[in-house]
Amino acid sequence: KMPQTPPFAAMFDSSSYNRNLYQSKEDNCGGLYYHDNNLLSGSLEALIQHLVPNVDYYPDRTYIFTFLLSSRLFMHPYELMAKVCHLCIEQQRLSEPGLDKNWMQKIAPKILQLLTEWTETFPYDFRDERMMRNLKELAQRIASGNEMYRKNVQQLLQNLIRKLAAVSQYEEVLAKIDATSTDRLTVLKTKPQSIQRDIITVCNDPYMLAQQLTHIELERLNYIGPEEFIQAFVQKDPLNNDKSCYGDQKKTRNLEAYVEWFNRLSYLVATEICMHVKKKHRARVIEYFIDVARECFNIGNFNSLMAIISGMNMSPVSRLKKTWAKVKTAKFDILEHQMDPSSNFYNYRTALRGATQRSLRAHSNREKIVIPFFSLLIKDIYFLNEGCANRLPNGHVNFEKFWELAKQLSEFMTWKQVECPFERDWKILQYLLTVPVFSDDALYLASYESESPENHIEKDRWKTLRFVSEV
């Protein structure tokens, strides 16, 4: 029987979260240091040993997630996999010859479960051929001579290959979108006099647009591996000066694509406002986006909400005083208050906690949606990483730090697994992802043409921009 593991939401309970790792006598004298039954630090070798199940022991799921997440700061995943394989084979070799088969029956389900957790939570590790080779070798050893294990191994490998194929396909789609100038800021030399299409002609319902934005957010969130946050901060291991653990192999493409999406949405909002010749049209687009942002807030889509607000706060938009005078701004003021950066985004963090609580009690996918303001999540993880050393003065791995990192990322793991409950509208999605947007210069040019420059700095800039656009 496979050891059972709780879902991510239950892994780290909100108060002290579970760190009781089935402590045994060997752990205390085997290079692991505990306090109040909590694992605080250990030598890298002892921590690896603690990951590998034996006949009487299976590591707690919180430990598996935390160690697999943080170990990449000290060694390549393929090196860890090689050590895990070696320890499993060593155990088998040391078992009494007559008990070999009996030992295999007891240990095989546990090793299989560990491999299942690794392949499901960190599938991108297995894009490395060395990882895949080690996985297959260990899996073959488990499967040999037992039909049930063979089926389980096949299932594990099929699921992994399916996940890796899906991410390759996703990356191809991203590349195609890039190629059609989507994530590049297309410079439109002058403001088009007659606009064939704008966001309101494509989708006149702000609620529908908020739902389609949520589709894009959840899809992009889903493809970010938790390890990408750690790999973004990989530096040299102080105990091994020659070698950075990941060298030039920082695999953070999906995380970067998500940040690019936020920037694109901000510029799209600013473009949609600035490209209109008539003041009443610009005011109408601003009010439309305020309604979209409100609905994003209600859904729990804080990333789109923040991108829309930052698009409206870009200088070329915020300087349009005559346009804003025609806008009913009370609703916008409330949203800005919610996302106010003062006191370390206190209001937003309160709203996020509320959405998280709603998500935990939810009966439908609609209520489960929590899409965090992503740049702030990255910043929090960055400061947590920078604020504490990876190693203690005695050379031990500072595991207390990694519990905290894992706790933050376990929430992210829960959020990214939610399926979007709204129906897709391909026409709207296509527009959001591929319509050309103004660059900074083109935004300013359009803005000055809408409402004349008010001071010498603006006048000089306008002259320069007009000169450049005519060349």
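The values are calculated or read from the model by the stated rules, or taken from the named source; none is laboratory data. Everything numeric in this text was worked out from a predicted model, so none of it was measured. Positions of Cβ are generated from backbone atoms using ideal geometry, with glycine treated the same way; all protein chains shown enter the neighbour counts. For accessibility, only protein heavy atoms count, side chains too; no ligands or nucleic acids. Shrake-Rupley method; radii C 1.70, N 1.55, O 1.52, S 1.80 Å.
The slack between Arg127 and Lys176, meaning 0.36 nm per residue of separation minus the straight C-alpha distance, is 15.5 nm.
Grab the other residues whose beta carbon is less than 12 angstrom from that of Gly300, score K and R as +1, D and E as -1, and report the net. Summing Lys/Arg as +1 and Asp/Glu as -1 gives +1. Modelled spin-label separation between Ser168 and Phe467, with each label point placed 7 Å from Cα along the Cα-to-Cβ direction: 5.3 nm. Within the shell of other residues whose beta carbon sits under 12 angstrom from the beta carbon of Cys85, the net charge comes to +2, with Lys and Arg scored +1 and Asp and Glu -1.
Converting phi to 3J(HN,Hα) with the Karplus coefficients 6.51, -1.76 and 1.60 and the offset θ = phi - 60°, the stretch 374-384 yields 5, 4, 6, 4, 4, 5, 4, 5, 4, 5, 5 Hz in sequence order, with x at every glycine or proline. Between His363 and Arg253, residue separation times 0.36 nm minus the direct Cα-Cα distance comes to 36.3 nm. Summing charges over all other residues whose Cβ lies under 11 Å from the Cβ of Val55, with Lys and Arg as +1 and Asp and Glu as -1, gives +1. The Cα atoms of the stretch 33-161 give a gyration tensor whose axes a ≥ b ≥ c have a/c of 1.5 or more with a/b no greater than b/c, which makes the shape oblate.
Highest average first, the peptides 338-347, 216-225 ordered by how many other beta carbon atoms sit within 10 Å of their residues are 216-225, 338-347.
Derived scalar couplings between HN and Hα for the stretch 213-228 equal 4, 5, 4, 5, 4, 5, 5, 5, 4, 4, 8, 7, x, x, 5, 5 Hz in order, rounded to whole Hz, by the Karplus curve 6.51 cos²θ - 1.76 cosθ + 1.60 (θ = phi - 60°), x for Gly and Pro.
For the stretch 33-161, the fraction of 1.4 Å probe accessible surface lying on carbon and sulfur atoms is 49 percent.
Using label points projected 7 Å from each Cα along Cα→Cβ, tell me how many nm separate Gln92 and Lys326, to one decimal. Rounded to a tenth, the inter-label distance reads 7.5 nm. The peptide list 114-124, 361-371, put in order of mean Cβ contacts within 10 Å with the highest first, becomes 114-124, 361-371. In this structure, the pairs whose alpha-carbon distance is over 32 Å, taken from Lys83/Lys407; Lys176/Lys322; Lys331/Lys463; Lys280/Lys463; Lys106/Lys401, are Lys176/Lys322; Lys331/Lys463; Lys106/Lys401.
For the stretch 328-462, the carbon plus sulfur part of the accessible surface works out to 51%, probe radius 1.4 Å. On average, how much accessible surface per residue is there in the stretch 33-161, in Å², for a 1.4 Å probe, leaving out ligands, DNA and RNA? Computed with neighbouring chains in place, this is 44 Å² per residue.
Protection proxy ranking, highest mean first, for peptides 403-413, 383-393, 436-446, 300-310: 300-310, 436-446, 403-413, 383-393, where packing is the per-residue count of other beta-carbon atoms within 10 Å, averaged. Shown is the FRET efficiency for Asn344 and Lys280, computed with R0 = 51 Å from the Cβ-Cβ distance and rounded to the nearest 0.05: 0.85.
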